[in-house]
Amino acid sequence: MNSLSKQSVGCQCVINSIDLPYSKKIRLLGLGVNNGSKVSVLRNRGGDMVLAMGNARVSVGRTIAEFVEVNLL
């Protein structure tokens, strides 16, 4: 498995697991980021990542993205 923070721009992947404290996990769930979600990496800079999920765009901090495990499509 790979960490979301290590994926390059244009990569499409499926979220496999989120290993974060409950409060941070609930924030991601509120944005629609959940196990089984298909995401595309639009931007991966030093501090944040922008993900596309269908028509939605979500910005995720690097420290949080390190704890999100993904499988490549």
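Values quoted throughout were computed directly from the atomic coordinates according to the rules given, and no laboratory measurement underlies them. Worth saying up front: this structure is predicted, and the values here are computed from it rather than measured.
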If each residue of separation counts as 0.36 nm, what is the full-extension length gain between Leu72 and Asn35 once their alpha-carbon separation is subtracted?
12.0 nm
What translational diffusion coefficient, in µm²/s and rounded to a whole number, does the Stokes-Einstein relation yield for the chain at 20 °C and a viscosity of 1.002 mPa s, taking the hydrodynamic radius as the Kirkwood radius over Cα pairs?
182 µm²/s
Can you compute 3J(HN,Hα) from phi for each residue in segment 27-40, using the Karplus curve 6.51 cos²θ - 1.76 cosθ + 1.60 with θ = phi - 60°, rounded to whole Hz and x for Gly and Pro?
4, 5, 4, x, 8, x, 8, 8, 4, x, 5, 8, 10, 10
Ordered by residue, what ³J(HN,Hα) values in Hz, to whole numbers, does segment 48-59 give under the Karplus form 6.51 cos²θ - 1.76 cosθ + 1.60, where θ = phi - 60° and Gly and Pro are x?
9, 10, 10, 10, 10, 10, x, 8, 8, 10, 10, 9
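Given an 8 Å cut-off on Cα distances and at least 6 residues of separation, report the relative contact order of the chain as a percent.
This gives 46 percent for the chain.
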